[in-house]
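Asks: Take this structure, written in structure tokens, and hold onto it; I'll ask about it next.
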Amino acid sequence: MPSDQPDIYPAREDALITQLKDNIETVVRCNNESIKWLLTAFFAGGHVLLEDVPGTGKTTLAKALAGSINADFKRIQFTPDLLPSDILGVSIYDQNSLDFRFRRGPIFTQILLADEINRASPRTQSALLEAMGENQVSVEGNSIDMDELFFVIATQNPVEFHGTYPLPEAQMDRFAMRFQLGYVSREDELQILDSQRFSHPLADLKACADLEDIRAVREAVARVRITDELKLYIVDLVSATRTHPGIQMGASPRAGITMMKCAQALALIEGQNFVTPDIIQQLTVPIIAHRLVLDSESQYSGKDARQCIAEIIQDIAVPV
């Protein structure tokens with residue numbers, strides 16, 4: 001049985017993570033924190049919701065990750081008329097065999113980009129729930145396992161509401177993290193113009209890791225040490241959202257599991273073989289904020305989930 005605490009820091013995995021980050025940065029110009037969050041969720045086995053205005057590089061970031069590890073990549077453009085069968089697949093009658101044959105939909109891939117996910121109806125959005133939560137899909141009474149690498153990157157525009165549907169709470173809870181890319185600096189925007197004068201950098205992107213490398217990193221993440229005191233700290237942070245004033249619905253136990261795994265992944269990315277309290281605090285907003293439902297009084301007063309989380313962090317003693 002593998003030890004809970006590695007004897008030495010996994011140098012091979014550290015080199016792979018650095019190489020992967022550098023490879024993505026040759027294509028995507030954004031703040032380094034966004035790439036760090038994306039890799040954190042990816043190595044922890046979670047899914048990501050990118051919420052930002054159009055043109056900030058959400059789709060490019062998803063393609064850069066897939067291209068960097070030579071993974072199977074598919075994109076679904078969510079629209080109001082999209083049906084669940086357009087995602088899961090459909091049975092087609094085969095005249096030769098006189099039987100129905102199931103043709104798999106685009107969800108059966110390794111990295112899935114669900115572009116503008118909030119443009120589809122809740123009925124269509126729910127087609128992703130089982131795959132994201134249980135890594136399997138039930139079709140016509142049969143369960144089909146997803147690829148072990150299955151990773152969803154969904155995008156949505158937070159400022160456009162015409163023709164969109166809010167993501168239901170069950171869907172939001174399936175996303176390990178939600179964050180924004182934001183606008184780039186003046187210097188980075190100039191480099192974007194230069195890099196795309198003749199072709200898109202994605203055209204020259206080369207894979208720098210294979211699936212075995214990713215599997216090795218995920219195994220290393222599971223071996224990153226996290227003490228019982230820090231696990232209790234996570235439980236206290238998550239449970240405090242259920243009783244905090246101004247919050248109508250707090251985070252679920254799934255949020256605590258996600259927090260632990262992402263904390264281990266982020267520790268590895270930052271070159272540590274153990275989790276520290278500051279790593280957990282870094283993750284509270286991208287992991288917990290989108291799972292909270294504020295009461296009407298908080299919403300009308302202008303209070304947001306970030307403020308509630310900041311108050312919770314202040315109230316709970318940090319383990320030493």
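Asks: Looking for whichever is in the same structural domain as SER126 (by TED's automatic domain parsing) and at positive phi here; the options are GLY141, GLY246. Which one fits?
Replies: Among GLY141, GLY246, only GLY141 is in the same structural domain as SER126 (by TED's automatic domain parsing) and at positive phi.
Asks: Looking for whichever is in contact (Cβ under 8 Å) with a residue 24 or more places away in the chain and of a type in the set (S, T, N, Q) here; the options are GLN264, GLN282. Which one fits?
Replies: GLN264
Asks: If you don't mind, there's one more thing I want to ask. I'm trying to understand the selection: among the residues of the stretch 171-187, which are surrounded by 14 or more Cβ atoms within 10 Å (Cβ to Cβ) and in a helix (DSSP H, G or I)?
Replies: GLN171, MET172, ASP173, ARG174
Asks: Right, another one. For the stretch 256-268, does any single residue satisfy the condition of being touching a Lys or Arg at 6+ places or on another chain (Cβ under 9 Å) and among the polar types (S, T, N, Q)?
Replies: Yes, that holds for at least one residue.
Asks: Under 7 Å by Cβ, and 6 or more places apart or on different chains, what pairs join a residue from the stretch 231-255 that is without any contact (Cβ under 8 Å) to a residue 24 or more places away in the chain with one that is surrounded by 14 or more Cβ atoms within 10 Å (Cβ to Cβ) and outside any loop (DSSP other than H, G, I, E, B)?
Replies: From the stretch 231-255, the pairs are VAL235/GLY256.
Asks: In the stretch 110-137, how many are part of a loop (DSSP other than H, G, I, E, B) and either free of Cβ contacts under 8 Å to residues at least 24 places away in the same chain or in contact with a helix residue (DSSP H, G or I) (Cβ under 7 Å, 6 or more places away or on another chain) (or both)?
Replies: Counting residues in the stretch 110-137 that are part of a loop (DSSP other than H, G, I, E, B) and either free of Cβ contacts under 8 Å to residues at least 24 places away in the same chain or in contact with a helix residue (DSSP H, G or I) (Cβ under 7 Å, 6 or more places away or on another chain) (or both) gives 1.
Asks: In the stretch 253-284, what residues are small (Gly, Ala, Ser) and under 20 Å from ALA310 (Cα atoms)?
Replies: ALA255, GLY256, ALA263 - these are the residues of the stretch 253-284 that are small (Gly, Ala, Ser) and under 20 Å from ALA310 (Cα atoms).
Asks: Among the residues of the stretch 139-159, write down those that are among the small types (Gly, Ala, Ser) and either assigned to a loop (DSSP other than H, G, I, E, B) or touching a Leu at 6+ places or on another chain (Cβ under 9 Å) (or both).
Replies: Once the filter is applied, which keeps residues that are among the small types (Gly, Ala, Ser) and either assigned to a loop (DSSP other than H, G, I, E, B) or touching a Leu at 6+ places or on another chain (Cβ under 9 Å) (or both), the stretch 139-159 yields GLY141, ALA154.
Asks: Does the stretch 208-221 contain any residue that is closer than 24 Å to ILE312 by Cβ, in contact (Cβ under 8 Å) with a residue 60 or more places away in the chain and in contact with a Ser or Thr (Cβ under 8 Å, 6 or more places away or on another chain)?
Replies: No: the stretch 208-221 contains no residue that is closer than 24 Å to ILE312 by Cβ, in contact (Cβ under 8 Å) with a residue 60 or more places away in the chain and in contact with a Ser or Thr (Cβ under 8 Å, 6 or more places away or on another chain).
The values are calculated or read from the model by the stated rules, or taken from the named source; none is laboratory data. Because the structure is predicted, anything quoted here is derived from the model rather than measured. Don't worry about glycine lacking a Cβ; one is built from the backbone with ideal geometry, like all the others, and counts go over all protein chains shown.
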